[in-house]
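Written below as structure tokens is the structure these notes are about.
The values are calculated or read from the model by the stated rules, or taken from the named source; none is laboratory data. Keep in mind that this is a model prediction, so the values were computed, not measured. Virtual Cβ from ideal backbone geometry, glycine too; neighbours counted across all protein chains shown.
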Amino acid sequence: MDSFLILMGQINVFCYCSLSVRGRSWPCSVKVLEGVYCPAYGLNQHEVSERLKVKVFQSGSANTSLLHHRDSGHILKRGCCRRPALEQVQPDRSIPSLPRPVLHNPRMLCPCRGKLKLLVVSLSFVILFTWLYLLVGNSENGRSLLLSACLLESTEARLLERDVLASRVREVEEENRQIRLQLSQSQGLAAQPAEGNYGNQQWVASADTGPEDVENTAEERANHSECSRSPTAEKCELIHVACVCAGHNASRDVVTLVKSILFHRRNPLHFHFITDTVANQILSTLFQSWMVPSVQVSFYDADELKSEVSWIPNKHYSGIYGLMKLTLTKALPSNLSKVIVLDTDITFATDIAELWAIFRKFTEKQVIGLVENQSDWYLGNLWKNHKPWPALGRGFNTGVILLYLERLRRISWEQMWRLTAERELMSMLSTSLADQDIFNAFIKQNPVLVHQLPCFWNVQLSDHTRSEQCYTEVSDLKVIHWNSPKKLRVKNKHVEFFRNLYLTFLEYDGNLLRRELFGCPSQASSESTVLQQALEELDEDDQCYDFRRERIMVHRVHLYFLQYEYTPTDDGTDITLVAQLSMDRLQMLEAICKHWEGPISLALYMSDAEAQQFLRYAQASEVLKNRKNVGYHIVYKEGQFYPVNLVRNVALRNVNTPYVFLTDVDFLPMYGLYDYLRKSIVQLDMANTKKALVVPAFETLRYRLSFPKSKAELLSMLDMGTLYTFRYHVWTKGHAPTNYAKWRTATTPYKVEWEADFEPYVVVRRDCPEYDQRFVGFGWNKVSHIMELDAQEYDLIVLPNAFMIHMPHAPSFDISKFRSSPSYRYCLTTLKDEFHQDLSRKYGSAALKYLTAQRNI
């Protein structure tokens, strides 16, 4: 009868054997207390006469023997050969009891003892050799032809159980590695909650489960090295990012988010913006002028989605747009399977491809990836009678979402979130945190659908958060979320560090992000293709190459940098003051707003950092804060010249009134000029005629001036020498055709003729020709525009009761270059000649007079 060894727990081993009695074998069991029974060990005369038959086979290791029982499924690693201590012999209860056998006197066995030892050793060797032979044949041929059906079954069972043991060993090793990982983590980090334990109030950097997470986190925590590798998207894989953006302020905030993403990215990007009309205009112009390689942008009308969520009462400051993320499965293209959804107040501190790669860790059922909420909001203990929406533990924050759109559509997401919202609104009446409340209520009912992201993917800096538990080093930070109405003024012990990181991207030069992704094919936009062709046509050896290149340069433009509101007038005579300025003229804005109560369109030529200085200045000014009908358009600096006419055109193109007053920021219009011009527009029938109304220009050399309130006061100050006609002592020809002598006594508008170098400030219809952008810096930028107005047969009409006064300022950098550089003056002359030629080709023989007049100067 077969004998075998079986492992009981961790210590005791039972040896099942056959007892030889009167020529018959009976089963029994011997408990081995220490060591493992060695079948080759000899028996003495005091032991029961027995014979053991042990099955031995080799495991995968060269020096390890395993004792195996074919039925029990237990395998025992064999150690050193030791004599067992026999505790008791128990007859097998399944065998009928027999009469007690009579044992022979041990002394009678002594002569045969040596022979018995030799016999036992020989039999053991034969059995061992036979089994080794059969096992080798089984491993080489897949099965043994010598084995019976019973032995085949036993061999297969042994192989299966060996795999089970190997699997168990791997599990133990994995548990040991996780224990070592926890011990190596930085002091002060809390233990990671087990999967499903969303109520834990502490976080750890590795919320994702799996070997990859454990290994990556171990590397990061062990040395906090920037060289530690995190799983990222495949090279050149297109990453989709969605964002809901509405209004002027959100459009400004989202630029910082985009900068932080572009700064770290190594993959092509496709931005999907859910926008209102305002944000669509701002962002489409920005990205079109930005021309970042390997970046695609798509816009979706939020107005078409309002009906989907307008029925939900919402107390959140984001309004109806805070619920738009619920509609993304409907708004985004049906062939889009995955997308990262971000709030506009997010700042990235790492490559977004690392976040995109987490989609690979989703199980088949998971459809949403979220970071646990880091405040106690959903615990309901922030204040007395605080009743939040239902959530799983602390709930989840929806500032950063991984949406598996394909799976969401399969489970009928739109119907599911609607049912959840309707059910909860019956008791909650309204949402407090917009879409976040509905997402959490949905997850509460369907926890299997959520994949919890590590908390460093959404470090939340609102009040009452525990965000500091997500990081101990700078390398721990991935995404910063300014999810407080206070934004940068939020209370946090590390807020200065976070603020500096935010300001880094806020003031970062966006032109530096126009870099190619080498090795990734991308289709160039039509604008970049045209620009590249124009650059190739330029001659780099040309003395005026820099001027010509400046003409075709595309500057980033951010329209309506601040809040803008305009209500059209009923009579159709409204007029907008149009001007351009740089940082050194910023102090003129308040004075202009006091003198002109109508709408204003201002283009500001600034760097990214200067734009933020302007923002702080405007938000601190009581005068500017109260004016909502002023449109501020930022043209970002690039190149060595001031593109004055390009900046003017930006202000001119973004006018909402039928008429424009083309002026410079250094001039203060007379009080009441806005109403006076509107009346003159009606009197002179400008809607049906081509007229340009000339506003006479004067200047003062005093920084402090008692501004004249009427024409009579101005004439008095002119006679006293307090005021002068504009540029009378420097550039007389520029305004001489206005005929100031006639204006002193005029009571009705009068017509004047165009003369060479005439550059008045005029009121025209909005559809007037734009400024010629070849003229940059100082010289001929306004002269060329008036010349083209005359070529289009505009009548120049001087208004008798209108005036404006130029305030003193330091000379600009461009006029200094004009006065000191012969090359600058030479190139300006060359550009004049080219302009005359283009004017002649455009307007024919009627434009020849301008060329003749120029030669006569």
Candidate set: segment 773-793, residues that are among the β-branched types (Val, Ile, Thr) and within 24 Å of Arg549 (Cβ to Cβ); chosen: the one surrounded by the most Cβ atoms within 10 Å (Cβ to Cβ)
Val776
Output the qualifying pairs, or none if there are none: Cβ atoms under 6 angstrom, residues six or more apart or on different chains, first residue in segment 728-744 and more than 19 Å from Ala802 (Cβ to Cβ), second residue outside any helix (DSSP H, G or I) and not basic (Lys, Arg).
Lys733/Asp757
Go through segment 277-289 and count every residue that is modelled with pLDDT of 95 or more and either in contact with a strand residue (DSSP E or B) (Cβ under 7 Å, 6 or more places away or on another chain) or surrounded by 19 or more Cβ atoms within 10 Å (Cβ to Cβ) (or both).
8
Is there a residue in segment 372-380 that is out of contact with any Gly (no Cβ under 6 Å at 6 or more places or on another chain) and under 21 Å from Ile261 (Cβ atoms)?
no
Give segment 230-279 a look and list any residue that's under 15 Å from the mean Cα position of the chain (by Cα) and of a type in the set (Gly, Ala, Ser), or say none.
Ala233, Ala242, Ala250, Ser251, Ser260
Given the residues Ile239, Ile312, Ile261, which is the only one that is buried (at least 17 other Cβ atoms within 10 Å of the Cβ), over 26 Å from Gly519 (Cβ atoms), of a type in the set (A, V, I, L, M) and touching a Leu at 6+ places or on another chain (Cβ under 8 Å)?
Ile312
Residue hits (segment 303-335; more than 18 Å from the chain's Cα centre (by Cα) and assigned to a loop (DSSP other than H, G, I, E, B)) are Leu305, Ser310, Trp311, Ile312, Pro313, Lys315, His316, Tyr317, Ser318, Pro333, Ser334, Asn335
Taking interchain pairs and intrachain pairs at least six residues apart, which have beta carbon atoms under 6 angstrom, with the first residue in segment 656-683 and within 26 Å of Gln281 (Cα to Cα) and the second of a type in the set (S, T, N, Q)?
Thr657/Thr576; Val660/Thr576
Specify the residue that is modelled with the lowest pLDDT; the eligible residues are those in segment 686-735 that are outside any loop (DSSP other than H, G, I, E, B) and polar (S, T, N, Q).
Thr732
Within segment 523-552, how many residues turn out to be exposed (fewer than 14 other Cβ atoms within 10 Å of the Cβ), part of a helix (DSSP H, G or I) and among the acidic types (Asp, Glu)?
3
Could you tell me whether segment 812-831 includes any residue that is part of a loop (DSSP other than H, G, I, E, B) and either closer than 21 Å to Leu662 by Cα or at pLDDT below 85 (or both)?
yes
Look at Glu834 and say whether it is out of contact with any Gly (no Cβ under 9 Å at 6 or more places or on another chain), at positive phi and in contact (Cβ under 8 Å) with a residue 40 or more places away in the chain.
no
Name the single residue that is nearest to the chain's Cα centre (by Cα) among those in segment 417-437 being closer than 12 Å to Trp311 by Cβ and free of Cβ contacts under 8 Å to residues at least 24 places away in the same chain.
Arg418
Consider Ala810 against the criteria (1) loosely packed, with under 15 Cβ neighbours inside 10 Å; (2) under 24 Å from Arg653 (Cβ atoms): it satisfies all of them except one. Which criterion is unmet?
(2)
Filter result for the condition that a residue is crowded, with 17+ Cβ neighbours inside 10 Å and touching a residue at least 60 places away in the same chain (Cβ under 8 Å), over Tyr632, Tyr605:
Tyr632
So Val730, is it closer than 15 Å to Val763 by Cα and not aromatic (Phe, Trp, Tyr)
no
Could you name every one of the helices (runs of 4 or more DSSP H) located completely within segment 564-660 that has at least 3 residues being of a type outside the set (D, E, K, R) and not assigned by TED's automatic domain parsing to the domain that holds Asp253?
588-595, 608-620, 644-653
